[in-house]
Amino acid sequence: MGFLNKLKEGLTKTRQGFVEKVSGVLSFNKAIDEELFEELEETLIQADVGINTSLKLVETLRTRVKERKLKDASELKEVMKEEISKILTGDKEKNNLLLEKGKTNVILVVGVNGVGKTTTIGKLAYLLIKEKYKVLLAAGDTFRAAAIDQLVIWGQRVGVEVIRNQEGSDPGAVVFDACKAAVSRREDVLIIDTAGRLHNKTNLMEELRKVARIIRRELPEANVEVLLVLDATTGQNAISQARTFREVVDVTGICLTKLDGTAKGGVIIGIRDELKIPIKLIGIGEGMDDLRDFQADDFVKALFNEEE
Amino acid sequence: MAVFSSLAEKLQETFKKLKNKGKLTEKDVTEAMREIRVALLEADVSFKVVKDFIAKVKERAVGQEVLESLTPGQHVVKIVHEELTALMGSSQSKIIISPKPPTVVMLVGLQGAGKTTSGGKLAHYLKKQGRQPLLVAGDVYRPAAVKQLQVLGEQLGIPVFSLGTELSPVEIAKKSMEQAAAKGNDFVIIDTAGRLHINEELMEELKNIKTAVKPHEILLVVDAMTGQDAVNVAESFNNELGIDGVILTKLDGDTRGGAALSVKAVTGRPIKFVGMGEKLDALEPFYPDRMASRILGMGDVLTLIEKAQANFDAKKAKEMEEKMRKAEFTFEDFLDQLQQFKKMGSFQDLISMIPGIGSNKKLKDLQVDEKEFIKIEAMIQSMTPQERRHPEIINGSRKQRIASGSGTKVQDLNKLIKQFTETKKLLKQFSGSAMMKKGKKGKLPFKFPFM
Ligand SMILES: Nc1nc2c(ncn2[C@@H]2O[C@H](COP(=O)(O)OP(=O)(O)O)[C@@H](O)[C@H]2O)c(=O)[nH]1
Ligand SMILES: [Mg+2]
């Protein structure tokens, strides 16, 4: 099964919700009129695209319709695809995880509570092992009850070791140990779990800043990827999350989880548009195989239900 | 807060255009509704819910008499706020208690919503009320979910029933009932694994648990940050399983929380509790009016005006005015006024609320130290009645006494007295009746020493 098909399989629900509605709106051989634009705006808003981005997209469409003298509603679909794809693709160079063999690579995983950080780490470790990377995990969530055990179970599942400390201990200390271990054992990738924190809690965000500083200090040569995990079920607050986390740690990519539900995930369009953070991975289930590379072009194609 | 205030500003702009008094016209309402719609959608209220709501409110608002103290736009917001509050129901932070113990509560919801933590909090809440809850570890799927509940139970000193992860959650729930009966627990709280509402197999499992233990309360745990999907989730869980109430979690974040409205609108079930933090005592009752303000994101436009109207004793205000005009204003009056203001909420909020001042950039950025507030209060309270009425008698030794009595320094007191005298002078110049009305551009009609 090619990537696109796998992606599409996982995105079925998204597609059903989002694209079918869009297609429904667009493909009835209708003329382009005010009502159509309104329906389109409605569909976008219902997909969590957010009112600002939705209005912007619809505005762009209006301009295109004039420029290209479009007449039929179905033509709008192509234009819509183009526009969303343009936003999601952004700067292509940066759309993949920052990983180099023969170098220490660190992936710091951050986000609010319950978005799927720990699960994503399990899945990501599995993915990287399959690509022949040597992977080490660090149980940096020393706060939530049994969060360490959760990561350890994932470690056993996929066969990687977990650097850990006591629950309630300083997360900085675990991260420090893990950085040392990653170097001495010549691991390729160190993935660090962190406690979920709401981005408006300044003290917890400071703690995160400290963790990032320790990584920089201990591994000055390493590639550091800071992966922000966002839950596709989240509405407009995801934008606020992305903005605040980026202010505190240098977020280099986003993993959008829970796309196997009915949530449309449209919020990433707004985030990509406003904050220019590339979406790198998507989560489409709770199994270890349920993580996919995010590819903007394919993602949009899949969204619009097109074959490879 | 930045988002909130920009929205409030936008509203103010709209409202400026709507100046005419009398009855609310169709145009007033339509203009205001456009902003309300944006506010609700930005707050993640479901598109459909917004649509219905706006239609309903529009109908109600047109033709209403505009309150003297408000602009037509503000009046529309007031109506919207009332309707929102009504829609979310009254405060109902109660769990149905079965006449025949144990009362069985089952927690359900999507992955990561906060079921396990809420279970711990609920157990703690019940224990504080003298109940003897039993927590049941029914999430056998997520790694270490059982352990998570056990750790919480240990922290709280509340028993946790678990049978590992081999047995089915249905079996576990059944067996837990036997244990509750044997140990005399009057509450059983069953944690379940997070699941997607479209996962038929797992929804079936919940139904089986329901059939097996006949819970008195099935509570849907919903993340307050949920977007448009909240309606689908709530509808599915309610249709498939039938829910009795909702726990809204992670409200200590900065989300506007429109999901609260969506969930209530599609299920008709009350929000019983809200989660306000990661600590186990951070479970609070749900207040519909607070939630309405939060969703609207314009608490500073309306709620505070209402509060001010309700709390500021009109007669006292009149007396004060009189005194001010005659410059008989004493520390006693001052203390009185301070306390009046304190009733209304934070000073910062209050400033932004005063008509004509709220939009003044310089004043809005003005940092009022609320600690300063407390200090001043303490100093005045340490004065004798005589001193309060005649501050000129406060000499060196009196100052010493007042300062030590209030835990402040003499310098603080000097500052207060100096500023008080100045304020009094200012008041004399100022014609009293304008006090509660619009101040001159950018200039406060009165000045407090701590500003
Ligand atoms: N359906 C689904 N569930 C997920 C996905 N990613 C994580 N989860 C679930 O979401 C819940 C919270 O995940 P967890 O990794 O503990 O979140 P954390 O608090 O951010 O570490 C768990 O029940 C996970 O199994 C996903 O892509 N799809
Ligand atoms: Mg975690």
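The values are calculated or read from the model by the stated rules, or taken from the named source; none is laboratory data. As the structure is a computational prediction, the values presented were derived from the model and not from experiment. We place every Cβ from the backbone using ideal geometry, glycine too, and count neighbours over all the protein chains shown. Calculation scope for accessible area: heavy atoms of the full protein, side chains included, ligands and nucleic acids excluded. Shrake-Rupley method; radii C 1.70, N 1.55, O 1.52, S 1.80 Å.
The table below lists the values:
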item: Any hit, region A:217-233, residues being over 16 Å from the mean Cα position of the chain (by Cα), assigned to a helix (DSSP H, G or I) and at pLDDT 95 or above; result: yes
item: Lone unmet requirement of (1) of a type outside the set (S, T, N, Q); (2) away from ligand 1 (no atom under 13 Å from the Cβ); (3) more than 14 Å from chain B (Cβ to nearest Cβ) for A:L227; result: (2)
item: Positions within region A:230-247 being away from chain B (no Cβ under 12 Å), in contact with a Leu (Cβ under 7 Å, 6 or more places away or on another chain) and surrounded by fewer than 24 Cβ atoms within 10 Å (Cβ to Cβ), in sequence order; result: A:R246
item: From the options A:D260, A:D250, residue that is in a loop (DSSP other than H, G, I, E, B), away from every other protein chain (no Cβ under 13 Å), open to solvent by 10 Å² or more (accessible area, probe 1.4 Å) and touching a helix residue (DSSP H, G or I) at 6+ places or on another chain (Cβ under 8 Å); result: A:D250
item: Some residue of region A:96-103 being open to solvent by less than 20 Å² (accessible area, probe 1.4 Å) and small (G, A, S); result: no
item: Breaking point among (1) touching an Asp or Glu at 6+ places or on another chain (Cβ under 7 Å); (2) buried (at least 22 other Cβ atoms within 10 Å of the Cβ); (3) not in a strand (DSSP E or B), for B:L84; result: (1)
item: Identity of the residue in region A:168-194, touching a residue at least 60 places away in the same chain (Cβ under 8 Å) and open to solvent by less than 10 Å² (accessible area, probe 1.4 Å), that ends up nearest to ligand 1 (Cβ to nearest atom); result: A:D193
item: Pair list, Cβ under 9 Å, 6 or more apart: region A:120-132 residue among the aromatic types (F, W, Y), other residue open to solvent by 50 Å² or more (accessible area, probe 1.4 Å); result: A:Y126/A:R157; A:Y126/A:G159; A:Y126/A:M288; A:Y126/A:D289
item: Looking only at region A:104-124, and only at residues there that are facing chain B (nearest Cβ under 10 Å) and among the hydrophobic types (A, V, I, L, M, F, W, C), the one that is farthest from ligand 2 (Cβ to nearest atom); result: A:V112
item: The lone exception for A:G159 - which of (1) more than 15 Å from ligand 2 (Cβ to nearest atom); (2) on the phi > 0 side of the Ramachandran plot; (3) within 11 Å of chain B (Cβ to nearest Cβ) it fails; result: (3)
item: Cross-chain or 6+ apart pairs with Cβ under 6 Å, region A:246-275 first and closer than 23 Å to A:D193 by Cα, then charged (D, E, K, R) and within 16 Å of ligand 1 (Cβ to nearest atom); result: A:G253/A:K280; A:T257/A:D231; A:K258/A:D231
item: For A:Q150: the one exception among (1) within 14 Å of chain B (Cβ to nearest Cβ); (2) touching a residue at least 40 places away in the same chain (Cβ under 8 Å); (3) buried (at least 22 other Cβ atoms within 10 Å of the Cβ); result: (2)
item: Residue among B:V246, B:V221 that is in contact with a strand residue (DSSP E or B) (Cβ under 7 Å, 6 or more places away or on another chain), buried (at least 16 other Cβ atoms within 10 Å of the Cβ) and within 14 Å of another protein chain (Cβ to nearest Cβ); result: B:V221
item: Region A:134-147, residues that are more than 8 Å from every other protein chain (Cβ to nearest Cβ), within 13 Å of ligand 1 (Cβ to nearest atom) and of a type in the set (G, A, S); result: A:A139, A:G140
